[in-house]
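For reference, the structure discussed in these notes is given below.
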Amino acid sequence: MTDKKKKRLSMLDNLTVGAAPTPSSMIKTSRPMRAARDAVDGHKVWELDPAQIIDTRVADRLSHEDVSDLRASIEATGQTVPILLRRHSTEDDTYLLVYGRRRLEAIRTSDKVHKVRALIASMDDSAAIEAQISENMARRDLSYIEKALFAHELIESGFGNQTRVAEVLTVTKSAVSMGLAIVDAIGVELIQAIGPAQSVGRPRWDAMAKSLETSLLAHDDLVELAHRTREMAQIDVFSAASSEDIRDPSVAAFDAVQARLLPSKKAKATKPKGASKTVQFDNKSSGKISRTPKGILLEVTGQGGFADFVEANAPETLQELFTRWKQSEASE
């Protein structure tokens, strides 16, 4: 193997999502990544117009981070790591992105750099998805719900069944099954409105899914609440005095939705307990008065015609009690 070819292979070995190199050990142990390297056409680095590249991949992130720092780096020192593409099956001079979205986006939005450096591989849809997944596994910052939603989108796109998805994601089938159940229960639209919620793990997403099963709240209202909360939290991020004051907007959205779904602890704490009083007439238990969350419940039992009398005169008697209450309020 010539030195030039070795250099090309080494360059592909160092492909990453950003500018930092991926350890070569990951390439050596990843069959899809090795296949991608072997499929590269002559290991030539091409310089292409970003407009020739389209991204039809299954979405793997709920939010795309800012690329301004990466763009500034590429403008200052050049694009040191090529992206990986494959040729479009029907359109000439058009390429499909395998991975390298951030580098592509940085160059697309640059006023100084107009060509993107890329390696082109001969891959079918399945191999391209596997390579994308392997590259994803090298990034350890995908949140739980992003991984669950990614598995959901892979199955919806026809990539394979749960067993197949579990294999390529290197997780158990039960983990995939549970993730799919959570996505189905919460709904893709609400998950996308909340966002990645990096610090929120499976138990809390599972709890939200269970809350939604018994909730009577409108789904659209929860989606709107999540959007509104994220927008407000994003404003707080820009106005934060220090990094300690910054809160993840998507976690704020998650908390807001979950709080809307669950009864407030304050309401539970003030809920009357043991507030029933027995009513006696002629030294006999004849009913009870109970305080409920909605008001007062009066029960009259075993008094024959007296119950009918109370029913007939209750409106007038209650009006009199109300007038006396108003007078006592005014005198205080």
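The values are calculated or read from the model by the stated rules, or taken from the named source; none is laboratory data. None of these values were measured; they are calculated from a predicted model. Every residue, glycine among them, receives a Cβ derived from its backbone with ideal geometry; neighbour counts consider all protein chains shown. SASA here: full protein model, heavy atoms, side chains in, ligands and nucleic acids out. Shrake-Rupley method; radii C 1.70, N 1.55, O 1.52, S 1.80 Å.
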Which of the residues that make up region 71-80 are touching a helix residue (DSSP H, G or I) at 6+ places or on another chain (Cβ under 9 Å), surrounded by fewer than 21 Cβ atoms within 10 Å (Cβ to Cβ) and not small (Gly, Ala, Ser)?
Glu75, Thr80
With the condition kept exactly as written, say whether any residue in region 266-280 is surrounded by 11 or more Cβ atoms within 10 Å (Cβ to Cβ), in contact with a helix residue (DSSP H, G or I) (Cβ under 9 Å, 6 or more places away or on another chain), at pLDDT below 75 and outside any helix (DSSP H, G or I).
no
What are the residues in region 112-130 that are over 29 Å from Ile155 (Cα atoms) and β-branched (Val, Ile, Thr), if any?
Val113, Val116
Would you confirm whether or not region 281-295 contains a residue that is exposed (fewer than 10 other Cβ atoms within 10 Å of the Cβ) and at pLDDT 75 or above?
yes
Mind checking whether some residue in region 156-163 is closer than 21 Å to Arg101 by Cβ and either of a type in the set (Asp, Glu) or assigned to a helix (DSSP H, G or I) (or both)?
yes
Just checking, does region 114-123 include any residue being assigned to a loop (DSSP other than H, G, I, E, B), closer than 13 Å to Asp49 by Cα, of a type outside the set (Asp, Glu) and in contact with a helix residue (DSSP H, G or I) (Cβ under 9 Å, 6 or more places away or on another chain)?
yes
Based on this model, can you work out whether Ser199 counts as among the small types (Gly, Ala, Ser) and surrounded by fewer than 20 Cβ atoms within 10 Å (Cβ to Cβ)?
yes
Selection from region 84-134 of residues that are closer than 26 Å to Arg71 by Cβ, open to solvent by 10 Å² or more (accessible area, probe 1.4 Å), among the charged types (D, E, K, R) and touching a residue at least 24 places away in the same chain (Cβ under 8 Å):
Arg86, Asp93, Arg101, Arg102, Glu105, Arg108, Lys112, Lys115, Arg117
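Name the residues in region 250-265 that are at pLDDT 50 or above and in a helix (DSSP H, G or I), would you?
Ser250, Val251, Ala252, Ala253, Phe254, Asp255, Ala256, Val257, Gln258, Ala259, Arg260, Leu261
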Pick out the one residue from Ser110, Ser126 that is assigned to a helix (DSSP H, G or I) and either among the hydroxyl-bearing types (Ser, Thr, Tyr) or in contact with a His (Cβ under 8 Å, 6 or more places away or on another chain) (or both).
Ser126
Here's a check for you: in region 73-93, which residue that is assigned to a loop (DSSP other than H, G, I, E, B) and under 14 Å from Ala118 (Cα atoms) is farthest from the chain's Cα centre (by Cα)?
Asp93
Take Thr172 and tell me if it is open to solvent by 40 Å² or more (accessible area, probe 1.4 Å), of a type in the set (Ser, Thr, Tyr) and in contact (Cβ under 8 Å) with a residue 12 or more places away in the chain.
no
Taking region 182-231 as the search range and keeping residues that are touching a Lys or Arg at 6+ places or on another chain (Cβ under 7 Å) and in a helix (DSSP H, G or I), which one is nearest to Phe150 (Cα to Cα)?
Leu222
